[in-house]
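Remarks on the structure that follows.
The values are calculated or read from the model by the stated rules, or taken from the named source; none is laboratory data. Note that the structure is a prediction, hence the values are computed from the model and not measured. Every residue, glycine as well, gets a Cβ built from its backbone with ideal geometry; the counts of neighbours run over all protein chains shown. Accessible surface is based on the protein model in full, side chains and every heavy atom, while ligands, DNA and RNA are left aside. Shrake-Rupley method; radii C 1.70, N 1.55, O 1.52, S 1.80 Å.
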Amino acid sequence: QTTSGYVQFDNCNFKSGQLQIHAPGTCQVKFCTFSQSSIHLRSVPLCILENCEFTSSENASVTVEGCPSSDCNWACKHLAVLAKSCTASMREPDPASCPVAKQDGWGESLLGPVRICEIVVGEEKSSFLSAAGAQALLGSAQEDTEFGENLQAGKEDKYPALDSNSSDSDVCSDDEEDAQAVYKLPYQDHGLSHTLADVTHSRLQSNRLHALQRDLKLKCLQQELQQDKEAQSLANSLQGCIIRQCLFRDGKGGVFIYSQGQAKLEGSIFRDLTYAVRCIQNSKVIMLRNDIHHCKASGIFLRLSAGGLIADNNIHSNCEAGVDVRKRANPLVLCNKIHSGLRSGIVVVGNGKGIIRSNQIYGNKEAGIYILYNGNPAVSGNHIFQGLAAGIAVNENGRGQITGNVICENQWGGADIRHGGDPVLRNNLISCGYSDGVVVGECGKGLIEGNTIYGNKGCGVWMMSSSLPHLINNQISHNSIYGVAMFCCKDDTGDYPPNQGGNESFQEEREGAGRENDPDSEEEYPAARRPISVALVELNRINHNGAGGLHVKSSEALNIIANVIHANRDGGVAVLQSSQLTCIADNSISCNSGGGVLVEAECQVELRGNGIYDNSSHGIVSKGEGVIMENDIIGNHRCGLQLLQAADMKVTKNRIRSFWDYGIALFDEAKGLVQENLIFQGRSQKSILRPMSNAEDCIIQNNVLLTFKKRFDMECMLINPPARPHIEGGAPASCTAGGVQRVSSITTRVDGGCHNHGSIFCTIL
């Protein structure tokens with residue numbers, strides 16, 4: 001023990017003892033072994049531990065207590081010079097030699113092979129695969145979709161190509177197409193035509209994906225430090241306890257820092273401990289290039305306003321989370337590999353915060369990042385892939401700013417939001433998941449904006465009707481089932497992947513969540529985020545999905561506004577259950593393999609201001625009730641509008657034209673009001689209007705029926721007003737990444753494709 005002097009140990013063995021240093025005393029310990037022994041530092045201004053081994057500790061091997069004292073003895077200057085010289089020798093190489101920045105596949109770093117979530121983009125075909133994932137999937141093409149080329153091996157992969165003609169061709173013979181060209185109405189220049197052009201031209205889609213590839217490349221630590229002055233300052237700090245190239249094994253704890261203590265850990269190994277590092281009570285830890293694995297609990301644990309920098313570490317195979325952030329802890333977590341954990345990769349709970357950036361998070365048994373109980377981190381620029389559950393899960397009133405991440409090839413989808421979770425999910429790439437892209441479960445919320453949700457085996461976005469998300473300006477394409485699906489079936493803990501839902505050790509946060517107020521909670525809703533009271537699907541591009549574009553079985557109200565729903569392999573919009581009003585307004589619904597819009601019996605809908613064009617079946621089929629007003633229903637291959645069974649619709653001021661079938665057909669007991677519609681004659685010999693309804697209160701009046709004598713007549717019909725939809729201010733801004741990072745994410749429940757609307761997971765059970 002020393003309280004004022006300087007003590008140095010070289011090549012010593014400690015057994016069942018303790019080394020205690022009190023400020024202003026200092027020490028240097030080199031090449032020593034500690035068996036069932038420990039070091040306790042109290043307010044020490046600076047000490048150095050290097051090349052030591054700690055084994056079989058009953059408590060923490062190194063304890064750092066108290067703020068580093070400003071009262072320094074004569075040895076501090078010598079230790080500071082020594083610490084700086086060692087830091088220079090271990091410094092990261094410059095960006096030109098950064099392994100992640102310069103390599104596209106498998107790379108090498110100081111810690112061994114680096115797993116890269118690679119984005120492979122071809123000229124007109126694309127897939128998103130990790131290097132390992134691509135190899136595992138070679139030759140296993142079993143799908144009905146068209147296959148893109150695997151650019152690494154020249155073989156087929158599982159994921160769909162960017163084929164803009166997958167659903168809008170092979171409908172008519174050459175003669176029929178020539179005939180249609182004569183009678184075709186010029187509806188292409190509508191309010192969403194620029195957005196539609198983005199999804200119909202594969203070259204534009206390919207260019208957008210190339211931009212994603214550039215913007216979402218994983219950064220190395222040196223690049224991060226150059227751009228983040230706070231991280232740079234932390235990495236260069238030399239205060240408190242400095243631990244370099246030490247081994248901690250087979251004991252209870254590695255390093256425990258508390259009561260404003262400060263420690264810096266570099267190049268050390270922590271294995272087979274209960275925990276590696278525990279940092280609490282406003283303390284600070286800087287961890288650079290350490291290896292932390294096979295801990296019985298979490299690898300790194302921060303709570304009670306702890307902070308610091310956790311960068312370029314290899315954190316794997318731990319029994320609990322790799323990094324656990326709680327109780328207002330606020331660390332910087334940069335450029336780590338966090339993988340192969342038996343639970344989640346990173347957990348942020350109990351008002352925990354933090355910046356989580358440029359990490360590789362893969363192969364964890366539960367969510368790559370799990371946010372709950374008012375956790376509110378900033379998560380950006382990470383590659384989260386090949387997890388056995390969700391990529392990112394936000395639960396139990398968790399929040400978070402989740403931006404610019406690549407989330408792909410996760411077993412249970414990209415992002416999962418449930419039970420009051422309310423994140424901002426923006427500009428992420430969520431692709432090639434084995435379930436849904438984004439899941440918004442029971443009572444989930446959140447702003448889901450500007451994401452690319454691509455090539456997932458389930459739905460692009462799966463929502464429960466009890467949820468309240470705002471889904472805006474996303475690209476949702478080439479998913480195997482629906483683009484967007486909303487269901488009203490009960491969502492409970494059985495819907496979670498194993499251990500995802502209920503039994504992680506969060507009891508303390510669960511009890512405190514209701515009474516603990518976060519002083520920064522006012523930041524929850526930034527000014528640009530407007531509150532909504534009805535689930536909103538707005539300004540999205542939903543195209544080339546394996547089933548319908550938008551599938552609704554809801555017990556709550558839903559607004560579907562100004563979306564482009566194009567070339568899906570079933571209908572555009574299907575409303576199969578809707579006890580409250582579903583508003584479908586100002587959408588472009590075109591070239592889908594089924595009909596444009598289907599409304600089943602007892603559903604309430606309002607269809608207003610839509611452009612419903614060139615779908616392979618009927619434009620609109622309705623058996624429900626509501627309003628169909630001011631729509632353009634043009635060029636569909638069967639009837640423009642069918643009212644069936646006990647439909648009760650008000651159909652007014654629409655412009656309708658069917659090339660081969662009736663403009664409007666009313667059957668069975670359909671009733672309502674059909675008036676002031678403009679119905680154009682197609683080539684068919686059938687009547688323009690077919691009233692076959694038996695209902696006495698079906699009123700048909702003041703409709704204008706037109707036949708064409710010359711092409712000029714047709715061209716004038718969609719001029720005043722112009723073709724719908726009409727979007728105020730023109731087409732919305734494209735989400736093409738122009739200097740802005742883009743990507744997307746969320747976890748999954750899936751319609752199994754068997755029309756039972758259950759989840760694949762529950763079907764397995």
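Brief remarks follow.
- Under the simplified labelling scheme, the Asp272-Ala646 pair shows an inter-label distance of 7.3 nm, with each label point 7 Å from Cα along Cα→Cβ.
- With DNA, RNA and ligands ignored, accessible area of Glu230 (1.4 Å probe; Å², nearest 10): 110
- With R₀ fixed at 45 Å, the C-beta to C-beta distance from Asp250 to Ser533 puts the FRET efficiency at about 0.20.
- The stretch between Met692 and Arg214, if pulled fully straight at 0.36 nm per residue, gains 166.2 nm over its current Cα-Cα span.
- One decimal place: the segment Ser317-Glu442 gains 41.8 nm when fully extended, by the rule 0.36 nm per residue minus the C-alpha distance.
- Surface accessible to a 1.4 Å probe, per residue, for the residues of the range 354-480, Å²: 15
- Charge tally around Asn610: other residues with Cβ under 15 Å, Lys/Arg +1 each, Asp/Glu -1 each, net -1.
- The dipole here belongs to the range 354-480: it is taken about the Cα centre, uses +1 on the Cβ of Lys and Arg and -1 on the Cβ of Asp and Glu, and is about 160 debye.
- Cα-projected label distance for Lys84 with Leu581, points at 7 Å along beta-carbon direction, nm: 7.1
- For the range 354-480, carbon and sulfur atoms together expose 49% of the accessible surface, with a 1.4 angstrom probe and every protein chain in place.
- Distant-in-sequence amide H partners of Asp416 (H built 1.01 Å from N, under 5 Å): Ile392, Ala393, Val394, Val439, Thr747
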